[in-house]
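Every number in this text was worked out from the coordinates using simple rules, so none of it is lab data. These figures come from a predicted structure and were not determined experimentally. Positions of Cβ are generated from backbone atoms using ideal geometry, with glycine treated the same way; all protein chains shown enter the neighbour counts.
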Protein chains: 2
Amino acid sequence: MAIFSKTCEYAIRAVFYIAHKTANGGRVGIKDIATGIDSPELYLAKILQDLSRKGLISSFKGPNGGFFIEPALLNKPLSEIVEAVDGDSLFYGCALGLKQCSEINPCPLHNDFKAIRDKIHLLLSTTTIGEFNSELMNGLFSLKK
Amino acid sequence: MAIFSKTCEYAIRAVFYIAHKTANGGRVGIKDIATGIDSPELYLAKILQDLSRKGLISSFKGPNGGFFIEPALLNKPLSEIVEAVDGDSLFYGCALGLKQCSEINPCPLHNDFKAIRDKIHLLLSTTTIGEFNSELMNGLFSLKK
DNA sequence: ACAATAAAAGACAAAAATATCTTTTATTAT
DNA sequence: ATAATAAAAGATATTTTTGTCTTTTATTGT
């Protein structure tokens, strides 16, 4: 099992792609994005529709249309994308899937995994959508298989 | 998304259950285990068959039969259960699902997630199957929803 | 207005994960 | 030997995730 669902992997990669491609204005089409991150175009379209509905990215139809990210939203934490797609169980859920797991009724792994979840949460809360833009423009980071 | 698959959650809970129930000899039946960890009995049976084939737990058929764990195996790290069920992508895989992600061709999250994966791996490698036995016997830890 | 473009929406399909049912095999006790 | 027990094995069913296809809607340029 991976940390994120496949849907979420595509979502994050797409958001990074859109962010750095439209940081200085303009829009980027679904074909371009799908190629840029190596993902199935029509499936990705569904994912982006969802993120768009939730206001995490923006889009316009028609010629010169496409997806983009409002400059102000480049400061949003990546955790919002993850939460929108995969929910918050990665941040708050019990590792062993116990609904009632808590400090007062812990599973054997409760304390250790709480620490790990907190680290993941902190990382994704302090990482922003736009912070890799310059490295992505310079080709220092990859978004493709 | 949770950290582990549902199958793996059941597997870990079952292994903890079997470990503490058979630490002093004896065997425990599938019905008992399924009740003890709140899991679907027949599905759990499949999971335990698999762990048994892989030598992580043992079993006997017939009257007085059931599952148990060889005392020597109580020192095995939990990571072996996880790896047997969910594979090792939690320990080594790229957070964004990139096959080619590495130090020399990193995804934007590579370094941060490498640190997290290492923590998870270390935790599961240093946690043993049997180390919660006494707390489980005392009811200090829960394995049920 | 009209044609072209590109995302949105809705329906559908395939694959994987989760769950259940039935039959077989090994073991034990009578 | 036989009956009872309990896991192993194989087949099937359901649900969720992932992926695709088709139609509709909004926007732009002519």
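List of remarks:
- In region A:37-55, the residues that are part of a helix (DSSP H, G or I), within 10 Å of DNA strand D (Cβ to nearest atom), under 16 Å from A:L143 (Cα atoms) and within 14 Å of chain B (Cβ to nearest Cβ): A:L44
- Residue that is nearest to the other protein chains (Cβ to nearest Cβ), among those in region B:15-30 that are out of contact with any strand residue (DSSP E or B) (no Cβ under 8 Å at 6 or more places or on another chain) and surrounded by 17 or more Cβ atoms within 10 Å (Cβ to Cβ): B:F16
- Index of the failed condition, B:N138 passing every other in (1) more than 14 Å from DNA strand C (Cβ to nearest atom); (2) within 14 Å of B:I18 (Cα to Cα): (2)
- Which listed residue is touching a residue at least 12 places away in the same chain (Cβ under 8 Å) and more than 12 Å from the chain's Cα centre (by Cα), from B:I47, B:I81, B:I37, B:I57: B:I37
- Counted residues, region B:107-140 - those being part of a loop (DSSP other than H, G, I, E, B), surrounded by 19 or more Cβ atoms within 10 Å (Cβ to Cβ) and within 10 Å of chain A (Cβ to nearest Cβ): 4
- For the residues B:I69, B:I81, the requirement of being farther than 26 Å from A:K119 by Cα and buried (at least 20 other Cβ atoms within 10 Å of the Cβ) singles out B:I69.
- Residue match in region A:81-103 (condition: more than 10 Å from every other protein chain (Cβ to nearest Cβ) and over 30 Å from B:I81 (Cβ atoms)): yes
- Qualifying position, being part of a helix (DSSP H, G or I), more than 13 Å from chain B (Cβ to nearest Cβ) and either in contact with a Pro (Cβ under 6 Å, 6 or more places away or on another chain) or away from DNA strand D (no atom under 12 Å from the Cβ) (or both), among A:I12, A:I33: A:I33
- Only residues that are under 16 Å from B:H20 (Cβ atoms) and either away from DNA strand C (no atom under 14 Å from the Cβ) or aromatic (F, W, Y) (or both) were counted across region B:34-50, and they come to 1.
- Residue match in region A:61-81 (condition: closer than 30 Å to B:S134 by Cβ and part of a helix (DSSP H, G or I)): no
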